[in-house]
Structure formats: C-alpha cells, structure tokens
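K.L.:
Okay, handing you the structure first.
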C-alpha cells in the first residue's frame with residue numbers, strides 16, 4: 001500500500017472538506033422563462049423571435065447571462081435567487097415603432113419565474129427614414145402598425161400587378177420604369193401567354209424576358225406607353241452577408257391571393273437565411289411573386305410560398321439582382337408587347353337562382369354545347385353549362401330525387417348546387433364569361449385498327465390522342481374576336497386492360513370571351529368560325545362553324561345577365 005507524506009495527506013483532506021462545504025451551501029437554482037411579444041392594434045399577439053437579451057445581477061461582479069428567444073418568442077435559463085434586470089441588446093422594430101426593454105425582476109426560491117416583455121413594459125422610439133432611406137430612431141409618440149401598413153399600401157399598390165398565365169395567376173411588381181416586372185419563375189413556368197393587371201380596367205399583355213428555375217425568379221416586360229406615371233418598387237440594399245431585414249423586423253406583403261385584387265398582409269421576420277426570409281406574413285395561392293416590403297417601402301424579397309399561418313418563405317432580393325441586370329441588358333434586343341389595354345374581366349356574377357333554374361330543368365343537355373370535329377371535342381360553356389359540367393353528378397341525383405318525390409308534399413331541403421351560393425360564387429367561379437374548351441380526341445392507332453380487322457375481339461387496342469392544341473381563334477365575318485384569356489394545359493391518359501391500353505399526353509386548349517361575342521347570327525352572310533391550330537400536325541388548322549341553334553342557346557343562357565337590374 002502506497003502512503004503519502006503527512007503534509008500531502010493534510011492538504012488533500014482540507015481540499016475534500018472545503019469542496020464538501022461548498023456543495024452543502026450551494027444556492028438553489030430557479031427556472032426563469034422569458035416571453036417576448038408585441039400586441040398589435042387588432043389585439044393579435046406577435047411573438048418576438050431571435051431577440052437577444054442580457055440578464056444582469058444587481059450584485060456587482062456577478063456573471064451576466066445572455067439569452068436568445070426562440071421562434072415563439074420564448075427563452076429559459078437557470079438563475080440563483082436574487083435581484084436582476086433584463087435589457088435588450090438591440091431594439092425590436094415593429095411597424096414605425098422600435099421597442100427596447102430594461103425590466104427589473106426578482107428570483108426567489110419559491111418556484112419558477114416568468115418574465116413577460118410586451119408593449120406595457122417596453123420603451124418605444126419612433127422610426128423615421130434617413131436621407132439614405134434607412135430607419136433611424138427618434139423620440140416621439142408612435143403611430144400604429146395599421147397606419148404604417150396603410151401608408152405602404154397606398155404608396156406601392158399601383159406598382160404591384162396581378163399576373164395571369166395559362167396555368168393560373170400570381171403576383172409581380174414593377175422594378176424598372178421601362179416596364180420590367182419581377183415575379184417567381186413558377187408563376188410563368190410552362191405558359192406562353194401572360195397578362196399584367198394593374199386594376200380592374202387596365203390589363204396589358206406581357207412577355208417573359210429572363211427566368212431562372214433554380215432560384216425561382218423571373219422578369220417579364222410590358223409596354224408602359226399608356227402608363228406615363230408607372231410606379232416602380234424600389235429594391236432594398238441587400239447582400240448575402242448584409243441582409244436588408246433582421247429577425248423581429250416588421251414586413252408587409254402585397255399580392256392578389258384567392259382571386260382577390262391586391263391586398264396587404266403584415267408580419268414579423270422569424271429568420272433570415274442566406275437566400276431566403278422566413279416570416280409569418282400570410283402567403284396564399286396568388287401571392288407568389290409579389291414583393292415583401294420593409295418599413296422603408298423597399299422590396300426585400302419575392303414572396304414564394306406559404307405553409308400555413310406562421311411559416312412563409314421569401315426569396316431574398318439580392319438573389320434576383322444578377323437576373324435583373326441581365327433583363328435590363330436584353331431590353332434593347334427583345335420585342336416589346338402591345339401597349340393597348342386588353343378588355344377588362346367582368347366582375348358581375350351569374351345570378352344563382354337563374355343558374356339553378358336552368359341546370360335543374362329536365363331537358364338540360366350538355367350535348368347542346370358540344371361540337372365534334374375529327375381530332376377535337378369542343379365545348380362552348382356558358383356559366384350554367386360550366387356549372388352543370390362541374391356538378392353534373394349531384395344535379396343528376398337531384399333530378400332523380402325530384403322524380404321520386406313528385407307526389408310528396410313535405411319540404412325538400414336538399415340542394416345539389418348549394419355551394420354555388422357560398423364560397424365558389426364569392427371567389428368568382430361563375431363569372432359572366434363564355435369559355436371555349438378544346439379537348440383532343442382519343443382513337444385507336446392505325447396499327448391497332450389494322451390488327452383488329454384480322455383478330456377481331458381478341459385484338460389489344462393501342463389508343464392515342466389525335467392532336468395537340470397550339471392555339472384557338474374565334475372569327476366572325478373574317479375578323480378575329482379578342483379573347484379575355486387564352487391558353488393551353490397538358491392532359492395525360494395512362495391505363496391498361498384486356499381491351500387495350502394508352503400512355504399519352506397532349507395539350508388541351510381554352511379561350512374565354514365576353515358574352516356579347518356570341519350574339520345570334522343576323523343573316524345569311526353572318527358567320528362565326530372557331531379555328532383550332534393543331535401543334536401535332538405542324539400548324540394544320542381545324543375550322544368549325546358555330547351554327548344558329550348553338551348561338552341561340554348560348555344567348556338564351558345569357559339572358560339573365562341582360563335582364564339584371566344595375
């Protein structure tokens with residue numbers, strides 16, 4: 001057994017006794033929770049994410065604790081009982097206001113402590129813009145966030161446009177007085193025809209100048225000749241390592257979601273990534289491509305996606321700058337679209353009661369709106385025909401129910417098209433337009449038909465689409481009628497079975513027109529022709545006449561619109 005000199009054993013025993021004493025008298029730690037949130041003017045609670053604070057003990061020389069709030073505005077730490085103060089390392093900008101906290105609190109051994117940081121215990125300072133356009137704090141009474149949003153909306157709404165493509169609609173914003181519009185690439189992807197709407201009465205055709213699918217950024221151009229005071233949204237000074245906004249900053253989105261025309265939503269930046277901004281601004285379908293704005297009325301990014309309340313993604317504006325410069329260089333070499341305004345989209349909705357009366361009649365037949373050509377099926381869909389087309393299963397069931405209840409006197413509460421009265425009508429599903437749908441027909445291939453002639457019913461048929469719609473034109477007496485919307489979309493069929501199989505994709509086409517385009521024929525020389533350009537046949541055209549019976553039927557369906565009292 002090895003022994004230590006007496007002096008070393010005494011020192012070791014003293015150290016052991018000292019450590020034991022320290023453990024015995026170590027003060028108890030208490031969990032302290034910090035909750036930071038701003039109460040907006042509408043009483044909604046906005047958490048303050050990624051905000052840094054210092055907790056300073058009142059006893060000089062004690063350790064200062066640094067904490068950072070999470071995305072929910074909360075943080076936890078352990079403190080010994082005593083008196084402390086918590087103060088902001090940097091202020092929080094909210095609308096035209098800036099908040100800082102310096103709050104005293106006490107921790108006792110009785111249990112957990114919660115520190116709530118809000119408007120009530122903050123020290124506000126109003127934010128104004130400096131000559132450089134950046135915010136600067138000055139002491140003053142702070143206006144509400146709502147007034148800030150109002151000012152931004154009034155200043156910039158005319159620089160934000162609703163973009164329509166063949167596949168849907170999104171938003172964009174003017175970034176150059178020569179007519180350049182910035183948006184997301186996915187808003188324009190796969191389409192050839194685009195319109196930019198500044199308001200209900202001012203729609204212009206647009207062309208894509210440049211697009212980058214990897215960064216999801218695109219720039220289009222319009223002809224601004226008839227818009228002499230075209231407003232331009234200023235781009236914020238933004239860099240990969242020097243973002244234009246920080247966590248906790250207020251931001252605003254302007255766009256056209258869910259068929260609505262230009263609305264503004266407000267939120268707080270939750271996180272700033274190298275290429276993206278995460279915030280709680282509401283981004284719905286149709287908002288994509290619109291600007292995310294700071295309080296200096298600058299675009300800090302392009303709104304891209306929303307995953308429900310609290311998580312929205314925006315491409316940072318510095319990512320768009322190389323493409324923006326490329327677009328400006330190409331402006332001198334590309335064709336500029338027409339500067340003539342397109343016809344406005346009607347806002348009048350088809351009367352619901354009239355629609356129900358038409359589609360629920362016993363003799364309503366969708367085939368009355370159907371034209372068959374060699375390679376295409378054509379449907380001329382008035383609002384009632386479109387309603388029937390989309391609700392025909394329920395409508396047929398309702399007719400059967402009505403037949404069974406012919407001698408029943410009790411009230412029938414079943415309404416097969418009740419949704420027409422609700423959300424579908426509100427978002428404009430049944431506008432006062434006539435829609436022409438062209439669908440490629442499906443037929444057996446020539447080889448299959450030849451084999452069937454020899455093998456009979458044992459032959460396996462191979463089916464293919466008979467055409468691809470390139471475009472469609474409606475011509476009356478030699479003059480083309482301008483559509484409200486024009487486009488095409490891919491449609492695929494894939495099936496296999498004992499009787500045959502098919503694996504093919506083709507383009508269907510559509511065009512939308514004002515109702516007055518389908519006025520009845522006025523005489524023998526009055527002629528209306530639908531022309532379909534077939535991409536699969538190298539631009540070959542199919543022409544079919546719209547006869548008097550079809551035009552009379554369309555005009556009859558549109559009578560409730562003409563009879564409406566303004």
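K.L.:
Go through region 153-184 and give me each residue that's out of contact with any helix residue (DSSP H, G or I) (no Cβ under 7 Å at 6 or more places or on another chain) and surrounded by fewer than 23 Cβ atoms within 10 Å (Cβ to Cβ).
P.N.:
153, 154, 155, 157, 158, 159, 166, 167, 168, 169, 177, 178
K.L.:
Could you list all residues from region 497-537 that are over 36 Å from the mean Cα position of the chain (by Cα) and free of Cβ contacts under 8 Å to residues at least 24 places away in the same chain?
P.N.:
497, 522, 523, 524
K.L.:
Scan (1) farther than 13 Å from residue 475 by Cβ; (2) surrounded by 13 or more Cβ atoms within 10 Å (Cβ to Cβ) for the single condition residue 546 breaks and write down its number.
P.N.:
(1)
K.L.:
Looking only at region 274-286, decide whether some residue is farther than 14 Å from residue 305 by Cβ and either out of contact with any helix residue (DSSP H, G or I) (no Cβ under 8 Å at 6 or more places or on another chain) or not in a loop (DSSP other than H, G, I, E, B) (or both).
P.N.:
So far as region 274-286 goes, yes, one or more of its residues are farther than 14 Å from residue 305 by Cβ and either out of contact with any helix residue (DSSP H, G or I) (no Cβ under 8 Å at 6 or more places or on another chain) or not in a loop (DSSP other than H, G, I, E, B) (or both).
K.L.:
Is it fair to say residue 204 is farther than 24 Å from residue 316 by Cβ, in contact (Cβ under 8 Å) with a residue 60 or more places away in the chain, in the same structural domain as residue 174 (by TED's automatic domain parsing) and crowded, with 17+ Cβ neighbours inside 10 Å?
P.N.:
So residue 204 passes the test.
K.L.:
Looking at (1) within 30 Å of residue 222 (Cβ to Cβ); (2) at pLDDT 60 or above; (3) not assigned by TED's automatic domain parsing to the domain that holds residue 252, which is the one condition that is false for residue 120?
P.N.:
Here residue 120 clears every test but (1).
K.L.:
With 233, 188 as the choices, which residue is in contact with a helix residue (DSSP H, G or I) (Cβ under 8 Å, 6 or more places away or on another chain) and either without any contact (Cβ under 8 Å) to a residue 12 or more places away in the chain or buried (at least 20 other Cβ atoms within 10 Å of the Cβ) (or both)?
P.N.:
Going through 233, 188 in turn, the sole match is 233.
K.L.:
Looking at region 554-563, can you tell me whether even one residue there is surrounded by 15 or more Cβ atoms within 10 Å (Cβ to Cβ) and assigned to a strand (DSSP E or B)?
P.N.:
Checked against the condition, which is being surrounded by 15 or more Cβ atoms within 10 Å (Cβ to Cβ) and assigned to a strand (DSSP E or B), region 554-563 yields no hits at all.
K.L.:
Since residue 253 meets every condition but one in (1) touching a helix residue (DSSP H, G or I) at 6+ places or on another chain (Cβ under 6 Å); (2) assigned to a strand (DSSP E or B); (3) under 13 Å from residue 156 (Cβ atoms), which condition does it not meet?
P.N.:
Of (1) touching a helix residue (DSSP H, G or I) at 6+ places or on another chain (Cβ under 6 Å); (2) assigned to a strand (DSSP E or B); (3) under 13 Å from residue 156 (Cβ atoms), only one is false for residue 253: (1).
K.L.:
Give the number of residues within region 314-337 that are farther than 17 Å from residue 173 by Cβ and either assigned to a strand (DSSP E or B) or in contact with a helix residue (DSSP H, G or I) (Cβ under 7 Å, 6 or more places away or on another chain) (or both).
P.N.:
0
Okay, residues lined up against (1) buried (at least 17 other Cβ atoms within 10 Å of the Cβ); (2) part of a strand (DSSP E or B):
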| residue | (1), (2) |
| --- | --- |
| 209 | yes, yes |
| 225 | no, no |
| 289 | yes, no |
| 296 | yes, no |
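K.L.:
Still on this model: If residue 443 meets every condition in (1) at pLDDT below 90; (2) out of contact with any strand residue (DSSP E or B) (no Cβ under 9 Å at 6 or more places or on another chain); (3) under 24 Å from residue 543 (Cα atoms) apart from one, which number is that one?
P.N.:
(2)
K.L.:
Name the single residue that is nearest to residue 166 (Cα to Cα) among those in region 510-535 being in contact with a helix residue (DSSP H, G or I) (Cβ under 7 Å, 6 or more places away or on another chain) and assigned to a loop (DSSP other than H, G, I, E, B).
P.N.:
519
So that you can scan it fast, the table gives a plain yes or no per residue for (1) within 21 Å of residue 92 (Cα to Cα); (2) outside the structural domain of residue 264 (by TED's automatic domain parsing):
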{"residue": "302", "(1), (2)": "no, no"}
{"residue": "316", "(1), (2)": "yes, no"}
{"residue": "326", "(1), (2)": "no, no"}
{"residue": "336", "(1), (2)": "no, yes"}
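K.L.:
Could you list all residues from region 472-496 that are over 27 Å from the mean Cα position of the chain (by Cα), over 24 Å from residue 350 (Cα atoms) and part of a strand (DSSP E or B)?
P.N.:
472, 473, 475, 476, 479, 480, 493, 494, 495, 496
The values are calculated or read from the model by the stated rules, or taken from the named source; none is laboratory data. What you see is a predicted model; the values in this text were computed from it and never measured. As a convention, Cβ positions derive from the backbone with ideal geometry for all residues, glycine included, and neighbour counts pool all protein chains shown.
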